[in-house]
Amino acid sequence: MSQLSQWQDEARASTTRDLSKPDYVYVWADGAHLNVRLDEARLCLLVIVGVRVDGRKELVPLAEGYRHCQAPGCHSHAWQWRFPPGSPGSRASVGSGHGDRSRMAAVRETLKVPRAGHLLHAEVTGSQGVPVVLLHGFPDNLHLYDELMPHLGDRRVVRFDFLGWGRSDKPDGYPYTADNMTGDLAAVIDYLGLEQVVLVAHDASGPPAIDWALLYPHRVAALVLLNTYYHQTMALRRPPAIALYSTPLLRNAARRLAGRGSDLARRLYIWQVGKFISDDQRRGPVVNLLYDSFTAAQPAFWRLNDDLLGTVLIRRRRIPDLRRFDRPVRVVFGTEDRSLNPRVARRFAELFPRADLHLLPNASHFVQVDQPERTAELVLSAG
């Protein structure tokens, strides 16, 4: 009993402590089932984890709650939580790193979207306007947009992990290709019943986003391209680590030396992804957060690298389709990206008849990390 009393005291102290001082750079939340039924609802726990500037992770509050959706087969993970009065959860008061993290859009709903016998992890926030669908590239996941989210306000936003990445399923032997990424995108949009969307593509999600837009132009309110690519051009350059992993023959040797979960693979990841971010303060926390799930995603990473050269070569055939695409296109590129560089951006602006071009200084490949506020303004005003 004395041990129980001690635990209860520790829990009370944790849920009522002052969070106005910690320098959290990221805060994310998830719900966990306990598989215990009490009364009519299934008991759940809300777990909120904060990441500090130096990359350390710590538990913020822990609170009990229950799941909204009780219907059999329901994939919705919508929760309600019971916070003690005056607790961090009830105050929603987290300290500021870059900007006020209390403005971070809370995840309204998490979903498991069926796709080819597997499940995609998706998150929905906000409720206003034409839905914005945020697409990540590789080697990252939906957390690439964490810096952007607080600046999107109450706009309805959908972001998800492609198969093989983040919290989506990672089936062994699956053909991870740009074409199948298009299928992932279509599965999420159709599952949510979205009639029109603003598509935001970054990096390797450019080909699937543009392919889907060409198939369904009437469903595209706007297409936003963030430091991405579609077809081979003279200006397009592969980042060094991507070139290492995607060049035939060379990639086989590279994968033997930098095997899954190896120290060399970790160092290559941190070096290359670090180069994608200009902001010195954001770089460490973002890279560490993305690397946490990279080892599990390496099979998808390698397979998409196998697919890369063929993807950009075959899509040269679709250049005439780009010239006929009569929907708004906004091209937003960080100017310090040496691979997906301003010349690639200008080429997009030349090809799409209704394109406007925005080159953001002091931003590299991860433009949504380096310039989140300006990028959000451009996304929100696109459509």
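The values are calculated or read from the model by the stated rules, or taken from the named source; none is laboratory data. None of the values given here were measured: they were computed from a predicted structure. Virtual Cβ from ideal backbone geometry, glycine too; neighbours counted across all protein chains shown.
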Residue pairs meeting the criteria (Cβ under 6 Å; at least 6 apart or on separate chains; first at negative phi and of a type in the set (S, T, N, Q), in segment 185-213; second surrounded by fewer than 22 Cβ atoms within 10 Å (Cβ to Cβ) and part of a strand (DSSP E or B)): 196/130; 196/221
Residue check for residue 293: among the hydroxyl-bearing types (Ser, Thr, Tyr) and at pLDDT below 95: yes
Only listed residue being over 14 Å from the mean Cα position of the chain (by Cα), farther than 16 Å from residue 305 by Cβ and crowded, with 22+ Cβ neighbours inside 10 Å, chosen from 142, 223: 223
Residue tally, condition assigned to a loop (DSSP other than H, G, I, E, B) and in contact with a strand residue (DSSP E or B) (Cβ under 8 Å, 6 or more places away or on another chain), over segment 374-383: 2
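Every residue, every condition in (1) of a type in the set (S, T, N, Q); (2) touching a helix residue (DSSP H, G or I) at 6+ places or on another chain (Cβ under 9 Å); (3) at pLDDT 90 or above, yes or no:
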site: 251; (1), (2), (3): no, yes, no
site: 259; (1), (2), (3): no, yes, no
site: 269; (1), (2), (3): no, yes, yes
site: 279; (1), (2), (3): no, yes, yes
site: 298; (1), (2), (3): yes, yes, yes
site: 301; (1), (2), (3): no, yes, yes
Residue satisfying condition, being at pLDDT 95 or above and farther than 14 Å from residue 277 by Cα, within set 379, 367: 379
Single residue of 341, 305 found to be modelled with pLDDT of 95 or more and either out of contact with any His (no Cβ under 6 Å at 6 or more places or on another chain) or hydrophobic (A, V, I, L, M, F, W, C) (or both): 341
Flag for residue 164 being crowded, with 24+ Cβ neighbours inside 10 Å, under 20 Å from residue 332 (Cβ atoms) and within 17 Å of the chain's Cα centre (by Cα): no
Members of segment 106-118 that are over 16 Å from residue 189 (Cβ atoms) and assigned to a strand (DSSP E or B): 110, 118
Helices (runs of 4 or more DSSP H) lying entirely in segment 306-373 (those with 2 or more residues that are more than 27 Å from residue 180 (Cβ to Cβ)): 342-351
Selected residue (criterion: nearest to residue 110 (Cα to Cα)) from residues of segment 186-201 that are assigned to a helix (DSSP H, G or I) and touching a helix residue (DSSP H, G or I) at 6+ places or on another chain (Cβ under 8 Å): 189
Single match in 348, 352, 366 (criterion: farther than 30 Å from residue 260 by Cβ, crowded, with 20+ Cβ neighbours inside 10 Å, under 24 Å from the mean Cα position of the chain (by Cα) and not β-branched (Val, Ile, Thr)): 348
Count - residues of segment 241-288 that are surrounded by 19 or more Cβ atoms within 10 Å (Cβ to Cβ), without any contact (Cβ under 8 Å) to a residue 12 or more places away in the chain and either among the acidic types (Asp, Glu) or more than 15 Å from residue 301 (Cβ to Cβ) (or both): 1
Residue within segment 260-282 that is touching a strand residue (DSSP E or B) at 6+ places or on another chain (Cβ under 9 Å) and more than 26 Å from residue 198 (Cβ to Cβ) present: yes
